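Just below is one structure, and these are the notes that go with it.
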2 protein chains.
Amino acid sequence: MICGGNMSKCIRRRRVLTFTENNHKHMQPFRTFTLFLFIICQFSAVAQTKLLWQELYPGIWKAAAGKPEKISLLSTAGAKPQLQALAKLPKTTFPLDKAAIDLKVIDHKIYLRFPLDEEEQLFGLGLNFQTVNQRGRIMELHVDHYGGEDNGRTHAPVPFYVSSKGYGVLIDAARYITVYAGTGVRTNAAHPPVVYDRNTDKQWDAQPYSDAVEILVPAEGANIYIFAGPTPMQVVQRYNLMNGGGYLPPKWGLGFTQRVPTLYSQDDILKEATSFEAHNFPLDFIGVEPGWHSSSYPCTFEWDKTRFPDPKGFLEALAKKGLSANLWFNPYVSPKASLYPKIKPLSGSHTVWNGIVSDFTLPQTRALFKDHFMKTHLEIGVGGYKVDEVDGYDFWVWPDVATFPSGTSAEQMRQVYGNMVQNMTGSWFKAINKRTYGLVRASNAGSSNFPYVIYNDYYSHKDFITALVNSSFIGVLWTPEVRASKSAEEWVRRMQSVCFSPMAMLNAWADGTKPWSFPEVEQAVNEVASLRMQLLPYLYSTFAQYHFEGKPPFRAMNLVEGFGYKPPTVAGQLDATANPYAMSVKKDIKDQYMMGDFILVAPMFAGETSREVYLPQGKWYDFYTGELVGENQKINITPALDKIPLFVKDGGIIPMIPTRRQAPKVGDILPLEVRHYGSAAGSFQLYDDDGISFDYEKGAHSFTRLAVAKNSVGALQGELPTLPTGKPFGYAKEIKWVFMTKTK
Amino acid sequence: MICGGNMSKCIRRRRVLTFTENNHKHMQPFRTFTLFLFIICQFSAVAQTKLLWQELYPGIWKAAAGKPEKISLLSTAGAKPQLQALAKLPKTTFPLDKAAIDLKVIDHKIYLRFPLDEEEQLFGLGLNFQTVNQRGRIMELHVDHYGGEDNGRTHAPVPFYVSSKGYGVLIDAARYITVYAGTGVRTNAAHPPVVYDRNTDKQWDAQPYSDAVEILVPAEGANIYIFAGPTPMQVVQRYNLMNGGGYLPPKWGLGFTQRVPTLYSQDDILKEATSFEAHNFPLDFIGVEPGWHSSSYPCTFEWDKTRFPDPKGFLEALAKKGLSANLWFNPYVSPKASLYPKIKPLSGSHTVWNGIVSDFTLPQTRALFKDHFMKTHLEIGVGGYKVDEVDGYDFWVWPDVATFPSGTSAEQMRQVYGNMVQNMTGSWFKAINKRTYGLVRASNAGSSNFPYVIYNDYYSHKDFITALVNSSFIGVLWTPEVRASKSAEEWVRRMQSVCFSPMAMLNAWADGTKPWSFPEVEQAVNEVASLRMQLLPYLYSTFAQYHFEGKPPFRAMNLVEGFGYKPPTVAGQLDATANPYAMSVKKDIKDQYMMGDFILVAPMFAGETSREVYLPQGKWYDFYTGELVGENQKINITPALDKIPLFVKDGGIIPMIPTRRQAPKVGDILPLEVRHYGSAAGSFQLYDDDGISFDYEKGAHSFTRLAVAKNSVGALQGELPTLPTGKPFGYAKEIKWVFMTKTK
């Protein structure tokens, strides 16, 4: 072998052996020799390795590329797969051509390639805010605050993609992975693009056709997972179920939440609660912002004696009002914190806002946190956390040159910090058999079963909805939180969409807003919050579906069977500055989504009085009137200001309860109204349990089949529900059936 | 040793040895043990190495960190240091505290740290467009098209910074280097920031004080260079002289250039030349855009027979008009090119716009290109090139998973491709003893002596000027090219500043504009272009200074002695969306610069009728009137539309010639008018040579000292010039002295 594994040697050797540049006249002999060298070098530089695929769970295959690292996304998430649920999904075969998957290991890096078909669309690759189909994009997956561009730097840069062809790929490496999602074109491509002359051919395209996804993992190795479908939804289900299934929030987690201004005292907060009562506005839990810490940032995780002289009494007073408290923190430990001296030797080389950075890969670090948080928070009734600033961004989080006592690199730590804090805090609540539901600003692969919803400071209403759409591909939840608005119109439009999201939240930490801040729309805001409360049986059952079946509660249209939209490519206009390569643009459907199986949500945005809605196959009906609106088509709607446009699938069944300010408590028995839409028969699995504990995991839950069928003369009628298959069942046995669509 | 060099082992071992999380009640014993383990792991994970500094050239030290790679920025630039000029700079000692420079080598990566003082400002770190002082920023240095943010992705991401304290640091690695320019804060920082409580302290800052520059080089090693000053200008001089000194353009390169629409034929271009004559507008060379190729993109590098039936005749016809032709190309080889079959085995795994990517690290690749380009271009009179798209961007350039026959990684190739094409093409012209001057879209460290000016598609006039300011720190040239404008005002303002830049260019490839496109300002545009022509003796001598002394021709104010501006930090306003951490902002002076030693340029921008100018110490005078405008102060000016504000330093001497359409040709003898400004004595080294060849390197050049001194009665008078110290000297012996400032 001439040049060993080290290419620099190869170059040196060639310099000696070949002619110099000045001898270019007689090149034929060395050209042949060069080709020979070239082949030798190719072989010696690249460690060609095979991927050995093993079916780990039904429809999920795993293979090791190189030498996978101990610290990975899934290892820090620590989820337990839902084996029984996985077994219920259809049996299938390996969904890709194994021979078309390519692996090279070069210079401590993993090079991967997966095939792409011509019509294929790719979804996922992180929590994106502006695009849905990622084909044609390049993602440098890096946990970070979202910076306004879908480039891989985001709060949950999950290295997982779902193909419209019905398979998924996950790279389990806690590294800054680069994904070329159908951009690179190889000289030996199986399906090469046509060569055009930009001088004269109008078909010339700045992005020639690419037939592959290529991935660079800057690590010695990574585990690769392939998920079969056959549908994209089933790919997502397998992904979520492998990661423990979705977290089932406590019922109160699905009620309304208000986060108070940062320096509110315990008295201020109790007054805030009273004012919600006075306005008859739903409220289930209150977010307590940084002011509860004796110092923050960096944080002490200790109650401030001035603003919170009696934390236990404060939490009890809230509990009496049926309210739970959610405490803000970021994990960077203040020198003033009692935890500081204990954590110091277990922390990294760099500080964040002068707080030390705990090495949570070490069990003793987690034990110290647990000890403190259990004693001073959970044991006196704290209901959850908002975990801030575990995402970045670079200007204050630890740099990539930071080191940690466990030897975990700064890069790895960055990719898994959110996962680790979610895992750790979630386990505390689990240990006391109490469900929680909170907020987090960084997540990654494997996080489906964490009790957290992602949020950020970015505030584009439209992009917030696109994030909600995209969250469904990657096993995370997202809230389009409301903070402030420039107008009453914007206020009500934002309030409407946040009430149709995983967490109905007003975050007033900086702005001091209240739901009724715009009196002219107070009633409309109250109505949509009340509608969410009425829909709790539907919503809670939808979250149960997330847990037991892996189906995300809020879903991209691309996960809906019969959604036939294919993104058209619009030719780019040449502009020497704005578009010098006349790049074409792909159009996504990114402003509508499904809440559960039946409700299509098409939010309105300030400044717009009409919008387009793309309806999948099958008939669709207006939620409010029951009227038919269309099927498998684009419709244009001009909804009133006080209504968020909602559409229900033919045969859709929506269980509802009378409006109320708080989610049902243990032992409540509520009257059910079950709506039916359209002309088809249908059924719904109504889920129930105690709403607060993990007893449901041990069987303490019920599923009740609500069904509408045609009777002997062809008329629709609600069937007597099959008796609940378990208990608790918090509803009256008498059901009021409402047939929303009038038959002729 | 418990955990070897592999940290994952260390983690596993600790998991076995320590208590589990549930046993957190009795932690004291294992805490001590943990500390022990922690120390062991720290030592075993990190290869602590020393940097051994060697004085390579006077005031320039080099040390190897880890094992430097063969392919580096400087190795591909291949510059020869200007040893004699380096020896003339002041003797000095190592400018930093060696003990405060830290190096670690961990997992095939280099971790570096350099100290920072409190008042220190940092300049350089790539061709930035919006900021000048880089302290407080994070740069991921990556050759790319500029994307609108100073984050390290730019056309020349040079890993070199100049400190206001008068030293410089260069990391010579062809890798995506991350520089934390005073952002990271270490737990053991020598100068730690004060800890504030954001809840209550107004001094709380989102970016706590950092006392270090930290750098991550993702490579086995890199050579590090330290440059002494003592002034920032001398740091830059040493940097440029080590890299061969600045390239001395041919005289015609400093005249005006027009780039024609992309599909112009040879007849169209000759007509264009005639229309410049008709408008009496300066023109020295013409840029021929992609249409000259028989196919492009990808390129054939062969003349299109329809549009250019007689290339030699065309070039001769241009030459008769005194014009040179500059050919556009990008280096991606079309399958239709005659070069294709020869280059194919010497090219990378991926295509760019269907063109193969030549591996220019291989000498035989370069030889093939030279053979083709010499025969079909240089030998028939082509004067230079515009090298496009060697920067990126990612969506069409080769991905980081590409491989190359030499074994050079895609990442390395990306960082040096611009350097290599500049080096290669520059050497062709050198081989025929003909100077060239062209355009390039990617560069890097070591490129001072390349005959290229950087440009891009971005088009913010203000940011273009900031790029011009920043180019002076990193040994590159930049042109704020003019393409189109929304108004006559914008047109004349852009034309004014491009005429006070390294290349006075109108690039009409897409827009078809002409200098007289806005008739209402045609005269003003003609005047500023003519002024540039009049200033050629000054400008050419300034470029000679770049070559012989390493002083950049266009300079940031921060390189001027006596520029006392210190950037104030403006407190940030809290805004939950736009500025949730109330980040403060630093104000740079980024819209004014020096052309040579004496002329301060303060361009105007469309929509603005007045502006501020910061004058360094010493008196400053209006270029046009000779009147005093101030000293060491901020002034406000309201210039007329037809003038670009120019100010001359006290004692400034400006040699000028009568206005002309083209730069002087060999043998021309021109009358000199030498202007003097202010009341101080002064001198200027007037440089001359044949203007076209490299004979000046062998002594065929002249320096003539033009000086003004006070005579016996205290009046200023021009001294008879010392006879030129060489020849050629293309000026009449009789000099017209003009004292612009009237003395009382």
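No lab work stands behind these numbers, since they all come straight from the coordinates. This structure is a prediction, so every number in the text was calculated from the model and none was measured. All Cβ positions, even for glycine, are placed from backbone atoms using ideal geometry, and neighbour counts span all protein chains on display.
Rounded to the nearest 5, what % of the DSSP beta bridges within the protein assembly as shown are antiparallel ones? So the antiparallel bridges amount to about 75 percent of the total. Residue exposure proxy: B:Ile669, A:Ile356, B:Ile474, ordered by other Cβ atoms within 10 angstrom of their Cβ from fewest to most, comes out as B:Ile669, A:Ile356, B:Ile474.
This model, with +1 at the C-beta of Lys and Arg and -1 at the C-beta of Asp and Glu, gives chain B a dipole about its Cα centre of some 1600 debye. Put the Cα centre of segment A:582-629 next to the Cα centre of segment B:221-239 and the gap is 60 Å.
Each Lys or Arg adds one and each Asp or Glu subtracts one; over the other residues with Cβ under 14 Å from the Cβ of A:Ile657, this totals +3.
Using the Karplus relation 6.51 cos²θ - 1.76 cosθ + 1.60 with θ = phi - 60°, the per-residue 3J(HN,Hα) values for segment B:410-420 come to 4, 5, 4, 4, 4, 6, 10, 4, x, 4, 5 Hz, with x marking Gly and Pro.
Thinking of chain B as a set of Cα atoms, what percent of all their pairs are more than 52 Å apart? Tail of the P(r) past 52 Å holds 15 percent of the pairs. Residues whose amide H falls under 5 Å from that of B:Asp457, counting only those 5 or more places apart or on a different chain, are absent, with hydrogens built in the peptide plane.
The Cα center of segment B:357-426 and the Cα center of segment A:395-421 differ in position by 38 Å.
The local environment of A:Glu379, defined by Cβ-Cβ distances under 13 Å, has a net charge of +2 under the rule Lys, Arg +1 and Asp, Glu -1. Only Lys, Arg, Asp and Glu carry charge here, each on its Cβ (+1 for the first two, -1 for the last two); on that basis segment B:84-134 has a dipole of about 360 debye about its Cα centre.
Determine the distance separating the Cα centre of segment B:457-527 from the Cα centre of segment B:258-314; give it in Å without decimals. First find each Cα centre; the distance between them is then 21 Å. Put a plus charge on the Cβ of each Lys and Arg, a minus charge on the Cβ of each Asp and Glu, and nothing anywhere else: the dipole of the protein assembly as shown about its Cα centre is then about 3120 debye. Compactness check for segment A:88-196: Cα Rg over 2.2 N^0.38 Å is 1.14.
Shown here: segment B:653-739, whose C-alpha atoms stretch 44, 29, 18 Å along the first, second and third principal axes, sorted largest to smallest.
With the charge dipole of the protein assembly as shown set up from +1 on Lys and Arg Cβ and -1 on Asp and Glu Cβ about the Cα centre, the Cα lying farthest toward the positive end among the listed residues B:Tyr247, B:Gln54, A:Tyr687 is that of B:Gln54.
Indicate the gyration tensor shape class of segment B:251-554 (rounded, prolate or oblate), computed on the Cα atoms with a ≥ b ≥ c the square roots of the eigenvalues: a/c under 1.5 is rounded; otherwise a/b larger than b/c is prolate and the rest oblate. In terms of gyration-tensor shape, prolate. With Cα atoms as the point set, segment B:557-647 shows a radius of gyration and Dmax of 16.1, 51 Å.
Taking amide H atoms as placed 1.01 Å from N in the peptide plane, the amide H of B:Phe739 lies under 5 Å from those of B:His676, each 5 or more residues away in sequence or on another chain.
With 20 Å bins beginning at zero, the pair-distance distribution over Cα atoms of the protein assembly as shown amounts to 9, 34, 34, 18, 4, 0, 0 %.
By the rule of a C-alpha distance below 13 Å, with chain neighbours fewer than 8 residues away ignored, the aspartates and glutamates paired with B:Lys91 are B:Glu55. Projecting the Cα positions of A:Leu646, A:Pro616, A:Pro567 onto the charge dipole of segment A:557-647 (unit charges on Cβ atoms of Lys, Arg, Asp and Glu, taken about the Cα centre) puts A:Pro567 furthest along the positive direction. Estimated at 0.36 nm per residue, the fully extended path between A:Tyr565 and A:Asn711 surpasses their Cα-Cα distance by 49.0 nm.
Among beta bridges identified by DSSP and lying wholly in chain B, the antiparallel ones come to about 75 percent.
Taking amide H as placed 1.01 Å from N in the peptide plane, B:Trp478 has its amide H under 5 Å from the amide H of B:Ile454, each at least 5 places away in sequence or on another chain.
Counting only other chain Cβ atoms within 10 Å of each residue's Cβ, the peptide B:352-359 averages 4. Short-range pairs are left out: with C-alpha atoms under 8 Å and at least six residues apart, the relative contact order of chain A is 12 percent. At q = 0.12, 0.13 Å⁻¹, work out log10 I(q)/I(0) for segment B:503-658 with the Debye formula, treating every Cα as an identical point scatterer and leaving solvent out; two decimals please. The calculated log intensity ratios at q = 0.12, 0.13 Å⁻¹ are -0.67, -0.76.
In chain A, the calculated helix contribution to ellipticity at 222 nm averages -6500 deg cm²/dmol per residue, counting -39,500 (n - 2.57) for every DSSP H run with n ≥ 4.
The angle between the Cα long axis of helix B:7-17 and the longest principal axis of the Cα atoms of chain B comes to about 20 degrees, rounded to the nearest 10. Counting neighbouring Cβ atoms within 10 Å and putting the fewest first, the residues B:Asp205, B:Asp668 line up as B:Asp668, B:Asp205.
Less than 12 Å apart at the alpha-carbon level, and either on another chain or at least 8 residues along: which aspartates and glutamates does that give for A:Lys271? Reachable aspartates and glutamates: none. With both labels modelled 7 Å from their Cα along Cα-to-Cβ, the A:Glu55 to A:Ala317 distance reads 6.1 nm. In plain terms, the residue of B:Phe395, A:Phe500 with the fewest other Cβ atoms within 10 Å comes first and the most crowded comes last, giving B:Phe395, A:Phe500. Extension gain for A:Asn188-A:Gln573 works out to 135.5 nm (0.36 nm per residue, less the C-alpha to C-alpha distance). Only lysine pairs 8 or more places apart or on separate chains count here, and in segment B:653-739 those with Cα atoms under 21 Å apart total 6. Using a simple spin-label model with pseudo-atoms 7 Å out from Cα toward Cβ, A:Lys486 and A:Thr376 lie 4.2 nm apart. Test of understanding: extend the Cα→C-beta vector of B:Val666 to 7 Å, then name every residue of segment B:412-444 with backbone N under 19 Å from that spot. Under cut-off, by backbone N: B:428-437. The residue list B:Ile474, B:Ala156, B:Gly221 was ranked by how far each Cα lies along the charge dipole of chain B toward its positive end, using unit charges on Cβ atoms, and B:Gly221 comes out on top. For a straight C-alpha distance cut-off of 15 angstrom, the aspartates and glutamates reachable from B:Lys643 (same-chain residues fewer than eight places away being disregarded) are B:Glu489, B:Glu490, B:Glu520, B:Glu522, B:Glu527, B:Glu608, B:Asp622. Remark: for residue pairs A:Lys251/A:Lys551; B:Lys321/B:Lys430; B:Lys251/B:Lys386, the C-alpha separation exceeds 22 Å in B:Lys321/B:Lys430. Per-residue 3J(HN,Hα) values for segment B:647-658, derived from phi via the Karplus relation 6.51 cos²θ - 1.76 cosθ + 1.60 with θ = phi - 60°, read 10, 10, 5, 4, x, x, 10, 10, x, 9, 10, x Hz in sequence order (x marks Gly and Pro).
Our coupling estimate for segment A:380-393, obtained by passing each phi through the Karplus curve with A = 6.51, B = -1.76, C = 1.60 and θ = phi - 60°, is 9, x, 4, x, x, 9, 10, 9, 9, 6, 8, 8, x, 8 Hz, Gly and Pro reported as x. In segment A:157-302, Rg over Rh equals 1.21, where Rg is the alpha-carbon radius of gyration and Rh the Kirkwood radius from pairwise Cα distances.
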